[in-house]
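Asks: Dropping a structure here in structure tokens format, bear with me for questions.
Just so it is clear, none of the values below were taken in a lab; they were calculated from the coordinates. Keep in mind it's a predicted model, so treat the numbers as computed, not measured. Reconstructed Cβ throughout: ideal geometry from the backbone, glycine too, with neighbour counts over all protein chains shown.
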Amino acid sequence: MKKITVLITIDTEHSVGGAFRDSTLKPVGNAKRIYGRVNGGEYGIPMMMDIADRYGIPLTFFVEVLNHHYFGSAATSEVCRYILERGHDVQLHLHPTFINFSEKRPGAKPYSDCMSAYSLEAQTALIQQGVAILNDYCGRPPVAFRAGNYAADINTLRALKTNNLKIDSSYNLAFPNLSRMICPKELNDVTRIEGIWELPITTFRQTLPGIPKFRPLDLNGVSFGEIRALLENARKGKGPGFVTVILHSFSFLIPGDIQYRNCRINTVVRRRFTNLCRYLAEHPDSFSPLSLSGAHQALPPGPNTQPPGPPSFFSMPPHLTLARLFQQLFS
């Protein structure tokens, strides 16, 4: 039986922190949004790596680099070195909104935060800039990319190809208007488009009435019970061959305000993450946890292709969705 590849990805980014609408506020940087320093502990990427290392699970951090327009290069280069020194993976993430801080009036926001708002030429230049910055920080270029807000389009893939990247992971069917700009078809497994491997955020069908049709494997919004049910289904050969999970560098925190002045620890999400890492470690014959660098090596070269058949979406049993809704209500 072929193993299911599982990729745990963490979008690692700073926050504008309300600075555009209130000039007295400042963007929120490494301490809270990346390292999660609260009450003498570190509940951001250090804790995520501590848990993952306990179970031998590699993590991929999509690190946002255009924040250098406000924070300078030292902040994020430090983050990249820290991740690499701990043996995990760094790939490229872009939020172009940070370019606004290079203007005299950042609050006017002449630069959109959505890659899809830019022309092919502009996207090519933005990605080229991001690749150069990350190469400087890491000593090697990235192979994979994720657009901020999942806001990519077909020109993003073309711009990635021009810049010699191999993988995009911006497609998220929970945001159908955005995903259609990459591919009009519903995707839930790795697919080659425009010479780029598109690695969608894995989604499942929700079967309760009155809630969105698709839900992504974002640990801030799905229970471990739901994730386990999807993975068990994939073990039976009824799901995608590549399962992509997402969370953020600040997923273990519940901010009390936009400036992260007062934060609580999100024990629910931390427990979900721990349970997922433990589950993968307990089933090595069924699952192959990889970083994006490792996944790149596992992807065969080939021409542009579309999926051979309809995508495989797991229909989540309603009792698991109800259990998660009650959990979130009372937590």
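Asks: Specify which of the listed residues (L231, L187) is part of a loop (DSSP other than H, G, I, E, B) and of a type in the set (A, V, I, L, M, F, W, C).
Replies: Of the residues listed, the single one that is part of a loop (DSSP other than H, G, I, E, B) and of a type in the set (A, V, I, L, M, F, W, C) is L187.
Asks: Under the condition of being among the hydrophobic types (A, V, I, L, M, F, W, C) and part of a strand (DSSP E or B), which residue from segment 252-291 is surrounded by the most Cβ atoms within 10 Å (Cβ to Cβ)?
Replies: Only one residue tops the list, namely L253.
Asks: Can G210 be described as in contact (Cβ under 8 Å) with a residue 40 or more places away in the chain, part of a loop (DSSP other than H, G, I, E, B) and at positive phi?
Replies: Here the answer is no, as G210 does not meet what is asked.
Asks: Going residue by residue through segment 26-48, is there one that turns out to be exposed (fewer than 15 other Cβ atoms within 10 Å of the Cβ) and of a type in the set (K, R)?
Replies: yes
Asks: Let me ask you something else. Does segment 159-169 contain at least one residue that is part of a loop (DSSP other than H, G, I, E, B) and more than 21 Å from N67 (Cβ to Cβ)?
Replies: yes
Asks: For segment 2-22, enumerate the residues that are touching a Lys or Arg at 6+ places or on another chain (Cβ under 9 Å) and on the phi < 0 side of the Ramachandran plot.
Replies: I4, T9, D11, T12, E13, H14, S15, A19, F20
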